[in-house]
Amino acid sequence: MILHLEPLIGQRAEEDRARLLSQVRQSAGITAVLENLRQQAPDLANIPTTTYTLYRQFEHTGFRRGYERLFFLKRAMLTRAVVEFILGDGSLRDTIQDLLWNICEETSWVLPAHEEQGPDFWELKTFTTPDSLGRPHCPDP
């Protein structure tokens, strides 16, 4: 399938959009694509929470799957919702917006295994002095 997506306005744009949607809806592979997306993201109602603890798990233990599973699940959910919306399920507009909002609100779009901050970034250090009685103390810069 060849898609021509040049910007158009007016009646021709509407005709081209309708033709493009028709091509997508009738394509031989759309059923398999949708089936795969439904297997990857069976539930569109519950957006997973990616936490700081899961994000830092790779740095502390080397285990990356915990955070990455949820990270990629959110994106699979968005892909499925958009494909189903294109195929005519107009009820998914809010779901798409919620997923986009959630992904945009992530502190970082960098996967933990690819983040580089330096060795002292991840651990909060507590400094004590003899007169501080063991209370946390941040040294002057």
Do any residues in the stretch 89-114 that are surrounded by 11 or more Cβ atoms within 10 Å (Cβ to Cβ) have Cβ atoms under 6 Å from those of residues that are in a loop (DSSP other than H, G, I, E, B), where the two are at least six apart or on different chains, and which pairs are they? Thr95/Leu44; Asn102/Ile47; Ala113/Arg64
Determine whether the stretch 29-37 contains at least one residue that is at pLDDT 85 or above, small (Gly, Ala, Ser), closer than 30 Å to Arg17 by Cα and not in a helix (DSSP H, G or I). yes
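Of all residues in the stretch 87-100, which are over 10 Å from the mean Cα position of the chain (by Cα) and at negative phi? Let's see the steps before the verdict.
In the first step, residues of the stretch 87-100 are kept if they are over 10 Å from the mean Cα position of the chain (by Cα); the result is 87-98.
Of everything in the stretch 87-100, those that are over 10 Å from the mean Cα position of the chain (by Cα) and at negative phi turn out to be Leu87, Asp89, Gly90, Ser91, Leu92, Arg93, Asp94, Thr95, Ile96, Gln97, Asp98.
The values are calculated or read from the model by the stated rules, or taken from the named source; none is laboratory data. Since the structure is predicted, the reported quantities are computational estimates derived from the model, not experimental observations. With ideal geometry, Cβ positions are generated from the backbone for all residues, glycine too; neighbour counts draw on all protein chains shown.
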